[in-house]
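The values are calculated or read from the model by the stated rules, or taken from the named source; none is laboratory data. Keep in mind that what you see is a predicted model, and the values were worked out from it rather than measured. Don't worry about glycine lacking a Cβ; one is built from the backbone with ideal geometry, like all the others, and counts go over all protein chains shown. What goes into the accessible areas is simple: the full protein's heavy atoms, side chains included, and nothing from ligands, DNA or RNA. Shrake-Rupley method; radii C 1.70, N 1.55, O 1.52, S 1.80 Å.
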Amino acid sequence: VRKRPGELKSLAGTDNRSMLVASSDGLIRAACEAEVFTVGISAGVCSAARLHRAGADVVYTGLQELAESVTQGAADLVRAGLLPAPLQ
């Protein structure tokens, strides 16, 4: 468990657009510690509130909701800080 933040930081490298998607509060906490953008999926055993408490930047009810957000321009991910705002 103590290795996770370092391993995640190593996987993300210098790409500030990296994102961890998980339905585990332990993984969300490790990614936050590694300064990786986190997306919680509340379709598993963790509720949305629990994922938010663990530090998730954004929480969806399932992968389909995340995919729809990305397809529609991911305005919520821009607001959360993952992507830069589009140029006007």
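Descriptive notes on the structure:
- Complete set of residues in the stretch 53-68 that are in contact with a helix residue (DSSP H, G or I) (Cβ under 8 Å, 6 or more places away or on another chain) and surrounded by fewer than 17 Cβ atoms within 10 Å (Cβ to Cβ): ARG53, GLY55, THR61
- Subset of the stretch 1-23 that is open to solvent by 40 Å² or more (accessible area, probe 1.4 Å), of a type in the set (A, V, I, L, M, F, W, C) and within 15 Å of LEU82 (Cβ to Cβ) - its residue that is modelled with the lowest pLDDT: MET19
- Qualifying residue in the stretch 24-34 (condition: among the β-branched types (Val, Ile, Thr) and open to solvent by less than 70 Å² (accessible area, probe 1.4 Å)): yes
- Looking only at residues of the stretch 35-52 that are open to solvent by 50 Å² or more (accessible area, probe 1.4 Å) and either more than 13 Å from the chain's Cα centre (by Cα) or of a type in the set (Val, Ile, Thr) (or both), we find that the one that is nearest to ALA67 (Cα to Cα) is ALA43.
- The residue pairs whose first member lies in the stretch 52-81 and is without any contact (Cβ under 8 Å) to a residue 24 or more places away in the chain, whose second member is of a type in the set (Phe, Trp, Tyr) and surrounded by 13 or more Cβ atoms within 10 Å (Cβ to Cβ), and whose beta carbons are closer than 8 Å, counting only pairs six or more residues apart or on different chains, are SER69/TYR60.
- Residues located in the stretch 31-53, provided they are over 25 Å from THR14 (Cβ atoms) and of a type outside the set (D, E, K, R): ILE41, SER42, ALA43, GLY44, VAL45, CYS46, SER47, ALA48, ALA49, LEU51, HIS52
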